[in-house]
Amino acid sequence: MTMQLSLLADQIIDERLKNPESDFKAWRSKVETVDESQLAKAYVALIGVLQKKSVDLKPIFTKAGAPLLSLGLDHPEQALCHPAKGLELATLWQLIGYLGKDSNLFQAGVNAEQFIRSFTDSYKRPFTGIWTQEGDVKTYTPSPSILKLLKSCDIKKQPELMRCSDPELGCALHHGKDMSLALTVTGWGSGIGSLMRRDAGIIAMGPQAAPFEDASRFGIHFTPAVLGDVSKHKALPGVRIDERGDLFTFNGWTRSVIDNNHLWCHISAQLDKVLDLKMQFLDLKGTEISIAMAVKADAIRVGENLEVMAGSLKQYRGDVAPVALEGKKSQLVMLPKGGSQMRIVPLAGDDSCWQADFLILYLLDRDRAEISWTIN
């Protein structure tokens, strides 16, 4: 549906650019959608305003500006932000607002774009490990028609924010002295956070249920729509975010849904000179769980002796031990506490698993369902 509407919008834009006074006789068929997807509704509205019709589009976003894919009325998992689709939505809202002389819609698009573009590390790389599933890493590139129309609209871009939090999505972004961190308690089959230092870091991390090779059993499953009406802009209960100078703290509850079991997990993080990160489950309900980290690095050093290279066949399986993520320009050292076993698997670096170089698995002890790390 969305792809068909996008192609139709492109065709109408091309005609408009070639002949601004065109009466669009070829496009007078009525376009309707019952899809609650905000993207589908935005394309229908764009087609309408291009045909010089009056449109009434009510965008859905949080108070912080995050564009939501839907209200989650029928599908709670869609009441989320999404890096690529969110940027697409922001672009459409700006275009429709500009062309339809709707300043509120236009500003919603500007705010949404600023929110999405702010969730990047210090090198402007998107935090793809939050709100996206492992095979869904992509960026939004406007079509040539959209780019031409944007240029003709002369829409001014807003600067990215260095710090950003959203109580409705239970998410926060923080840039430390040399470390960028994004955390969230909302997602669907996606991670709780990303941590980057130059060319080494954790792209995505989160719960992974056995069998550990099955990517569909990864991640958290929690959105604002699970708790109620998204449009009421309620902050998620139990989420606390605090920033005082370079000190950043984050606490919140999330859940994974595995085999109809709701596994509630508390996440806490404190970043000052080092990052202290902890995940603790209330009850595993007999489910075998690990914490998975999709990692970017050229090599991983385990302890003082063993080194696992990216792209190699060599793996590690043994006791939980300190590891160093080695890049060409940086290093990230992780000191874990807890867990019963650790595995390190080199990856192909392709489009799967967030384009990571390694997967690290920390198997949790069923009698002590918690694990923490000091990361420097």
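The values are calculated or read from the model by the stated rules, or taken from the named source; none is laboratory data. Because the structure is predicted, anything quoted here is derived from the model rather than measured. All Cβ positions, even for glycine, are placed from backbone atoms using ideal geometry, and neighbour counts span all protein chains on display.
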Filter the range 127-152 for residues that are among the small types (G, A, S) and outside any helix (DSSP H, G or I); the one that is modelled with the lowest pLDDT is G135
What do you reckon, is R244 charged (D, E, K, R) and farther than 20 Å from W131 by Cβ?
yes
By residue number, the members of the range 39-57 that are β-branched (V, I, T) and either under 25 Å from the mean Cα position of the chain (by Cα) or in a helix (DSSP H, G or I) (or both) are V44, I47, V49
T223: passes all of (1) in contact with a strand residue (DSSP E or B) (Cβ under 8 Å, 6 or more places away or on another chain); (2) farther than 24 Å from T62 by Cα but (2)
query: Yes or no: N261 over 22 Å from R240 (Cβ atoms) and either touching a Leu at 6+ places or on another chain (Cβ under 8 Å) or polar (S, T, N, Q) (or both)?
result: yes
Does the range 114-122 contain any residue that is more than 21 Å from the chain's Cα centre (by Cα), of a type outside the set (S, T, Y) and surrounded by fewer than 23 Cβ atoms within 10 Å (Cβ to Cβ)? no
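Residue-by-condition table, conditions (1) of a type in the set (V, I, T); (2) touching a residue at least 12 places away in the same chain (Cβ under 8 Å); (3) under 17 Å from T120 (Cα atoms):
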{"residue": "V185", "(1), (2), (3)": "yes, yes, no"}
{"residue": "F222", "(1), (2), (3)": "no, yes, no"}
{"residue": "V226", "(1), (2), (3)": "yes, yes, no"}
{"residue": "A235", "(1), (2), (3)": "no, yes, no"}
{"residue": "I241", "(1), (2), (3)": "yes, yes, no"}
{"residue": "G245", "(1), (2), (3)": "no, no, no"}
{"residue": "T249", "(1), (2), (3)": "yes, yes, no"}
Within the range 271-298, the count of residues that are assigned to a strand (DSSP E or B) and surrounded by 19 or more Cβ atoms within 10 Å (Cβ to Cβ) comes to 13
When every residue in the range 333-343 that is more than 13 Å from G303 (Cα to Cα) and not polar (S, T, N, Q) is compared, the one surrounded by the fewest Cβ atoms within 10 Å (Cβ to Cβ) is K337
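Take V308 and decide whether it is under 18 Å from L277 (Cα atoms), aliphatic (A, V, I, L, M), more than 27 Å from the chain's Cα centre (by Cα) and surrounded by 14 or more Cβ atoms within 10 Å (Cβ to Cβ). Steps first, please.
Working: under 18 Å from L277 (Cα atoms): no; aliphatic (A, V, I, L, M): yes; more than 27 Å from the chain's Cα centre (by Cα): yes; surrounded by 14 or more Cβ atoms within 10 Å (Cβ to Cβ): yes.
Criteria not met by V308.
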Checked the range 69-104 for anything assigned to a helix (DSSP H, G or I), more than 20 Å from V44 (Cα to Cα) and under 12 Å from the mean Cα position of the chain (by Cα); matches are P83
Conditions (1) surrounded by fewer than 23 Cβ atoms within 10 Å (Cβ to Cβ); (2) in a loop (DSSP other than H, G, I, E, B); (3) under 13 Å from the mean Cα position of the chain (by Cα) -> I155 fails only (3)
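Quick check: anything in the range 249-263 of a type in the set (A, V, I, L, M), out of contact with any Asp or Glu (no Cβ under 8 Å at 6 or more places or on another chain) and crowded, with 22+ Cβ neighbours inside 10 Å?
no
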Q) Residues in the range 211-230: is at least one surrounded by 13 or more Cβ atoms within 10 Å (Cβ to Cβ) and under 30 Å from L99 (Cα atoms)? A) yes
inquiry  = Regarding the range 58-68, can at least one residue be identified that is part of a helix (DSSP H, G or I) and at pLDDT 90 or above?
reply    = no
Log entry, pairs with first residue in the range 335-352 being farther than 20 Å from D276 by Cα, second being of a type in the set (D, E) and surrounded by 14 or more Cβ atoms within 10 Å (Cβ to Cβ), beta carbons closer than 8 Å, six or more apart or on different chains, reads P346/D357; L347/D357; G349/D357; S352/E134
Cβ pairs under 6 Å, 6+ apart or interchain, first in the range 112-128 and closer than 16 Å to D178 by Cα, second assigned to a helix (DSSP H, G or I), ordered by first then second residue, are none
Considering the range 312-332, residues that are aliphatic (A, V, I, L, M), free of Cβ contacts under 8 Å to residues at least 40 places away in the same chain and assigned to a strand (DSSP E or B), and then whichever is surrounded by the most Cβ atoms within 10 Å (Cβ to Cβ), we arrive at V323
Checked pairs for the range 259-283, first of a type in the set (D, E), second surrounded by fewer than 22 Cβ atoms within 10 Å (Cβ to Cβ), C-beta under 6 Å and 6 or more apart or across chains, list as D272/L247; D276/Q270; D276/T374
Original post:
Restricting attention to the range 231-252, does a residue exist that is assigned to a strand (DSSP E or B) and touching a His at 6+ places or on another chain (Cβ under 7 Å)?
Top reply: yes
- Message: Against the definition (touching a helix residue (DSSP H, G or I) at 6+ places or on another chain (Cβ under 7 Å) and touching a residue at least 12 places away in the same chain (Cβ under 8 Å)), how does P207 come out, yes or no?
- Response: no
